[in-house]
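The values are calculated or read from the model by the stated rules, or taken from the named source; none is laboratory data. Quantities reported herein were computed from a predicted structural model and do not represent experimental measurements. Because the Cβ atoms are built from the backbone with ideal geometry, glycine has one as well, and the counts that use them run over all protein chains shown.
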Amino acid sequence: MSKIKITFPDGAIKEFDSGITGYQIAQSISNRLADDVLAVKFNDTIKDLHRAITEDGSVKFLTFDDTEGKEVYWHSSSHLMAHAVQDIFPEAKFGVGPAIDAGFYYDIDINTQLSEDHLKQIEDKMISLSKSDTRFEREELSQKEAIEFFKIKGDQYKVELLSEMDETKEKISIYKEGSFTDLCRGPHLPSPGKIKFVKLLNISGSYWRGDEKNKQLQRIYGITFPKKKMLDDYLFMLEEAKKRDHRKLGKALDLFSVHEEAGAGLIYWHPKGARIRLEVEDFWRKAHLENGYELLYSPHMGKSWLWETSGHLGFYKDSMYAGMKVDDQDYYIKPMNCPFHIMIYKTHLRSYRDLPLRWAELGTVYRYEKSGALHGLLRVRGFTQDDAHIFCTDDQMESEIIEVIRFAKYVLGSFGFTEMNYYLSTMPEKAVGEAELWHKAEDSLKKALEKENLSYQVDEGGGAFYGPKIDIKIKDALGREWQLSTIQFDFNLPERFGMTYIGEDGKEHRPFMVHRALLGSIERFFGILIEHYAGEFPLWLAPTQVAIVPVSQNYIEYADSVAKELRKAGIRYEVDERNEKIGYKIRDWEMRKVSYMLIVGEKEKEAGSVSVRKHKEGDQGSLALSEFIDKIASEIKNKV
């Protein structure tokens, strides 16, 4: 039998018989690894553990600790759930059922309106099926054979998907698990027996293929884990997340609203929300000016020529809002700011001495999102982008990227986000721009990350068609990951718009263009902030920093005099003039999550002092008003 050489992550190389499986290789190392491994990554392709390996290559064993291992686990769980649904509802037809960031879902067409009771029934069936410990078995068919199989099965959704596939490219794979068979590329777990603890979370409506013109299916979301504690911890986190839901807190704290009757996906900022936005934007502007950026303002719409040149009308038209016809010209509301910044660049002949140019804008843009995708502040149709573009020469790329990374860490850290993960996406199969330019840009991104001693994950081929990128994702108070900052090269727009600069050699050169966002969008960032802080904003951001609470109506005049001094110091306050008992007012302000309460009565009036209460900490004692103002002003300045 022929031999193959397998390279392990530590660099060790071992010989095995050709045709050996990933599971057998794991078993040759240790039984414990064989028990824990879920799939094998062979030469960057994830394979089922029982698929034969017939050539030299590198292997990595994937467990539940790996992101890719979780994806295999949850994808297999979606199939197990579909199996359970089929056993309970034999008439069920199935749409798609992928793994998602946390768990999985499956879109199902059945005659029964599912309820919480049905979810429990399906959960129990999943556990029963997992204990039977059958195997996930892969089978390859031609396109014709696969279509015939699913026609006989009566599953028109899979027939539709199969009919659109290119039969000349590759075989179609299906997976069988007990009495259930599904169309799937895989890979899957060796068996559903590894799926131990199950929780089906909710049911929602979902149009087939996301098109509102198609039939609405029922989508079941679920989560599974190999250990009970993992499930318990996750469910606890979900309960915490519900308490922090920015939509619920936004209403309770009177921060923002959305009005379907006036336009879905459009945000109305209330006075308190607007105060926070003002602080965020003022900080953003000041930080950019201090870090070598110039600020721009650009129009809200532009002629169709602009969007034809940029390529948006060709690739993005369905997500754009048409404006109006002016002088027989079509205008479109802008979905992004980049073409406007390029137009400003082109107002002058640029020299290498002018570069780098760092231009930033808080530009409001509009993009069509399907109504089912809208979600509070996190997914909207109108939003203000924290946007910037850097135009530089090739020898400036690395230093510019390093500065952007440092700047991103500073800005995000100022809002309390200190744990960050970095992701590098490289050249995809279909890309514009010369390969040499891609390699230079990718090399600059890698070197910048390495010089900053930052560990990162590489998504090979995951870049946009127009350039490689770094994504920076923060973790919030619940450990959830959110993508905020992006550093994205663009080889497309400089070419389309004919951007040039005069180099040291006196010749024209194409500048490198970098799209750069730090907060993403103000709306989405605000939603993340609300959930991260559970509405208890740090003092410098809080819409009301101090509540002045007179013990009775007799002391409203003194409360107003305290307010006057706070106003002079630039401190945001509210005076509670309600004719209510002091205990009720204190509890109410505590519920409103205000950082400080100043209780004022006869004693405070005579002494020119205030009795200080701090949110969640209670009575802090009495302070002279001037002393309190100095204290709180220092906390605000230092962003305590």
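The figures follow:
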{"quantity": "Every residue from region 313-329 that is of a type outside the set (A, V, I, L, M), in contact with a strand residue (DSSP E or B) (Cβ under 8 Å, 6 or more places away or on another chain) and within 13 Å of residue 367 (Cβ to Cβ)", "calculated": "321"}
{"quantity": "Qualifying position, being of a type outside the set (A, V, I, L, M), more than 25 Å from residue 519 (Cβ to Cβ) and surrounded by fewer than 16 Cβ atoms within 10 Å (Cβ to Cβ), among 440, 451, 430, 475", "calculated": "430"}
{"quantity": "Given (1) part of a strand (DSSP E or B); (2) under 14 Å from the mean Cα position of the chain (by Cα), index of the condition residue 528 fails", "calculated": "(1)"}
{"quantity": "Test: residue 357 is closer than 23 Å to residue 528 by Cα, of a type in the set (A, V, I, L, M) and in contact (Cβ under 8 Å) with a residue 60 or more places away in the chain", "calculated": "no"}
{"quantity": "Conditions (1) in the same structural domain as residue 200 (by TED's automatic domain parsing); (2) of a type in the set (Lys, Arg); (3) modelled with pLDDT under 95: number failed by residue 317", "calculated": "(1)"}
{"quantity": "Of the criteria (1) within 30 Å of residue 503 (Cα to Cα); (2) at pLDDT 95 or above; (3) crowded, with 16+ Cβ neighbours inside 10 Å, which one residue 409 fails", "calculated": "(1)"}
{"quantity": "Enumerated helices (runs of 4 or more DSSP H) restricted to region 200-310, each holding at least 2 residues that are under 23 Å from the mean Cα position of the chain (by Cα)", "calculated": "228-244, 246-252, 271-290"}
{"quantity": "Residue ranges of helices (runs of 4 or more DSSP H) in region 1-93 with at least 2 members under 36 Å from the mean Cα position of the chain (by Cα), in contact (Cβ under 8 Å) with a residue 12 or more places away in the chain and assigned by TED's automatic domain parsing to the domain that holds residue 103", "calculated": "67-88"}
{"quantity": "Within region 535-640, helices (runs of 4 or more DSSP H) holding 1 or more residues that are crowded, with 19+ Cβ neighbours inside 10 Å, at pLDDT 95 or above and touching a helix residue (DSSP H, G or I) at 6+ places or on another chain (Cβ under 8 Å)", "calculated": "556-568, 602-607, 625-637"}
{"quantity": "Boolean, residue 347 is of a type in the set (S, T, N, Q), surrounded by fewer than 19 Cβ atoms within 10 Å (Cβ to Cβ) and not in a loop (DSSP other than H, G, I, E, B)", "calculated": "no"}
{"quantity": "Single unsatisfied condition, residue 107 versus (1) in a strand (DSSP E or B); (2) under 18 Å from residue 176 (Cβ atoms)", "calculated": "(2)"}
{"quantity": "Subset of region 463-472 that is on the phi < 0 side of the Ramachandran plot and out of contact with any Pro (no Cβ under 7 Å at 6 or more places or on another chain) - its residue that is modelled with the lowest pLDDT", "calculated": "464"}
